[in-house]
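A quick write-up on the structure given underneath.
The values are calculated or read from the model by the stated rules, or taken from the named source; none is laboratory data. The structure displayed is predicted, hence computed values, not measured ones. Here the Cβ positions follow ideal geometry from the backbone for every residue, glycine too, while neighbour counts run over all protein chains shown. Just so you know, the surface numbers come from the protein's heavy atoms only, side chains and all, with ligands and any DNA or RNA stripped out. Shrake-Rupley method; radii C 1.70, N 1.55, O 1.52, S 1.80 Å.
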Amino acid sequence: MAGKLAGEKLKLSFRGGILIPLVSLLVIVVIFGALAPTRFLTIPNAQVVLTQAAVLAIVGFGVTLVIISGSIDLSVGSVAAVAGIVAAQLVPQVGPIPALLLGVAIGGVAGAVNGLVFVYLRVPSFLVTLAMLTTARGIAYLISDGESFTVYGVPILGDLGAYPTVVLIAAALLALFWILLNKTQMGLYIRALGGSEHIARLVGLPLNRIKVSLFMLSGLAAGLGGLVLASRQGAATPNLGTSLELDVITAVVLGGTPLTGCVGNVTNTVIGAIAISALANGLIIIGLTSDVQMIVKGMVLVLAILVALERSKIGIIK
Amino acid sequence: MIQQSTDAAPVVELRNIEKRYGQVSALRGMSLNLHKGEAVGIVGDNGAGKSTLVKILCGAVQPTSGEIRLNGKPIGFNSPHEARLSGIEIVYQDLAVIGHLTITQNVFLGREETRSFAGVKLLDNRKMDRITRKLIAGLDPGLENRTRVSVDSLSGGQKQSVAVARAMAFGPKVMILDEPTAALSVEKIERMLTLIRTLKESGLAVILISHRLQDIMTVCDRVVVMKSGALVRDLHVCTTDIDEIVKLMVSGGEMGAVSGALGSAHPEGASTRSG
Ligand SMILES: Nc1ncnc2c1ncn2[C@@H]1O[C@H](COP(=O)(O)OP(=O)(O)OP(=O)(O)O)[C@@H](O)[C@H]1O
Ligand SMILES: [Mg+2]
């Protein structure tokens, strides 16, 4: 009996558990700590890594929920760009706080559109959000006219991306998303949806509402992420957040949330975000060029997916 | 003693139910009545339409034509959820549990207990666990200590217990069991049969679909024989035996004197009954 229970725990730690992600993080820290102890293992560098991780986590919490529900959101990078540009453009006209809220709200609208098309036109989520990736990027170029808007020195918006503000924002968001996912009916239904849409429908869960809300939440998080990114860059540019979705999905999967749905958690995504940020940071510190960095990150994504994958469910990845 | 089942109004009446899947007729004018405190066994060859019939009753499948009455009132279920709200529960032949969720989560799925915390509705996991432990302890002793474990790690029979617990959790009026013993050991089958008796005694109407005729003979009051989507015969178990049932299943009742195949809605009143 005791042996069996231990077996169950071990299995939990494998898929959706936190042991493997923590070990990978440790491995990354040990490797770069050994290669460049004086530059990697410093407090300022840790702050750089945490700041980077916070941005990935903010966007990643929304994507985590979408992935747990058995779908995917590829549009977060482009949605972040639109939100960042809208907020930066509007600050002079409406003031910083309304501009921020509008920027985040635009993200929510984009997410809701994703969700509505997904649910009512029955298009697989990877296609819907791939279309949104292109569309939102186009909108970002259109409304910015290809220009960039400086947010450096702009009150509030300019400070969002600084340490420790950005980490505090991520921590607050973590608490909200954690409660939502683990303590509310909505969170349970998200898991049930990812576990078996068929059974979730049989027991009468309000699936359409859940799906639309999910994508909207992901859009809101991406919008907030866009503001933070703009602040970190000092400007909102139309190419803001390009390929952010890949980093975010890598962080989620590396954190131990498999693409097959149902299991995983937002706490895992924090670990994954720190791990992927530490990796990127370490690669720069040891002097690898950006092309090599991209190759390494791509390999890490595949590796993470392989570890977290449930082959028996592979027929129904959406 | 059989008198009571014919006099009391039936809880559920299925009348002349037809179900076509394209060219395939799964049900051709099937009728069935169910009374309070009664267990009805449905038997028939593979593909006879047993599962289709109960899926229609529990809202998972919509009939092409025909009428369903619940306590005398015509009713139609668009989803299993609606049927559950009316007190009709089913334990499916293919187990409908979500592997990665815990026993408690599966038992309460869609009907969670919540409590308000600063205006936010949060899951009351402790309460749900407590209720689940009690339910499971009665169904599958020993399993009650694992209510927080994911269902994936349970055996087929244990998953069955979870599915039954979910069906029992909200005081149903009608309980449908579609081949509940298929995955069970001999000992577990005995427990399942005892459970069916208990459900009956507590006033539920029970439908048991099974290929194990001896089980049906021991716990059911009536046995309904189906073939090719239609009723062959609706018999009281005390007036029949396994041999006769097997013959009816195979022949479809054609060689018998009484042909129940074409929609006799009240076979209980048939003259085959002995006093
Ligand atoms: N979704 C469906 N689409 C098409 N045909 C179906 C469908 N469901 C059932 N059928 C057909 O309806 C008939 C009755 O099937 P049903 O599952 O009700 O049989 P059953 O009596 O439960 O059999 P078993 O003892 O094998 O469980 C079969 O011929 C089956 O092929
Ligand atoms: Mg069947």
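Give, rounded to the nearest 20 debye, the magnitude of the charge dipole that chain A has about its Cα centre when Lys and Arg contribute +1 at Cβ and Asp and Glu contribute -1 at Cβ.
About 1020 debye.
What whole-number volume per residue, in cubic angstrom, does the convex hull of the C-alpha atoms of the stretch B:99-169 give?
It comes to 78 Å³ per residue, whole-number rounded.
Where both residues lie in the protein assembly as shown, what percent of DSSP beta bridges are antiparallel, nearest 5?
60
Which net charge results for the neighbourhood of B:Val250, defined as the other residues with beta-carbon distances under 9 angstrom from its beta-carbon, given Lys and Arg at +1 and Asp and Glu at -1?
Net local charge, B:Val250 excluded: +1.
Of the heavy-atom accessible surface of the protein assembly as shown (probe 1.4 angstrom), what whole percent is carbon and sulfur?
63
Listed highest first by mean packing, meaning other Cβ atoms within 10 Å per residue, what order do A:214-222, A:119-127, A:94-102, A:275-283 come in?
A:214-222, A:275-283, A:94-102, A:119-127
So what is the calculated 222 nm ellipticity per residue for chain B, using -39500 (n - 2.57) for each DSSP H run with n of 4 or more, over all residues, to the nearest 500 deg cm²/dmol?
-9000 deg cm²/dmol, from helical runs alone.
Calculate the spin-label point distance for B:Asp45 paired with B:Arg115, positioning each point 7 Å from the Cα along the beta-carbon direction, and give it in nanometres.
5.8
About the Cα centre of the stretch B:45-110, what is the dipole size in debye to 20, counting +1 per Lys and Arg Cβ and -1 per Asp and Glu Cβ, all else neutral?
Approximately 140 debye in magnitude.
Amide H of B:Gly41 versus every other amide H placed in the peptide plane: which residues, excluding those fewer than 5 positions away on the same chain, fall under 5 Å?
The answer is B:Leu208, B:Asp221, B:Arg222, B:Val223, B:Val224.
At a 10 angstrom cut-off on C-beta neighbours, averaged per residue, how do the peptides A:223-230, B:180-187 rank from highest to lowest?
A:223-230, B:180-187
Among B:Gln105, A:Gly70, B:Ile242, whose Cα lies farthest out toward the positive end of the dipole of the protein assembly as shown, if unit charges sit on the beta carbon of Lys, Arg (+1) and Asp, Glu (-1)?
In the protein assembly as shown, that residue is B:Gln105.
Please give the calculated 222 nm ellipticity per residue for chain A, where each DSSP H segment of at least 4 residues contributes -39500 (n - 2.57) and the sum is spread over every residue; nearest 500 deg cm²/dmol?
The per-residue figure over chain A is -25000 deg cm²/dmol.
With a point put 7 Å past each Cα toward its Cβ, work out how far B:Ala137 is from A:Tyr152 in nm, to one decimal.
6.9
Using only alpha carbon pairs under 8 Å that are at least six residues apart, calculate the relative contact order of chain B and give it in whole percent.
Worked out over chain B, it gives 25 percent.
Between B:Glu187 and A:Ala36, what is the spin-label point distance in nm, taking each point 7 Å from the Cα along the Cα→C-beta axis?
Output for this residue pair reads 6.3 nm.
Could you tell me what % of all Cα pairs in chain B have separations over 25 Å?
46
Report the extension gain between B:Arg197 and B:Ser251 in nm, rounded to one decimal, defined as 0.36 nm multiplied by the number of residues separating them, less their alpha carbon distance.
16.4 nm
Take the Cβ-Cβ distance between B:Cys238 and B:Asn78 as r, set R0 to 41 Å, and report the resulting FRET efficiency rounded to the nearest 0.05.
The calculated FRET efficiency here is 0.60.
Let me spell out the model: positive unit charges on the Cβ of Lys and Arg, negative unit charges on the Cβ of Asp and Glu, origin at the Cα centre of the protein assembly as shown. What dipole size does that give, in debye rounded to 20?
Charge dipole of the protein assembly as shown: 520 debye, to the nearest 20.
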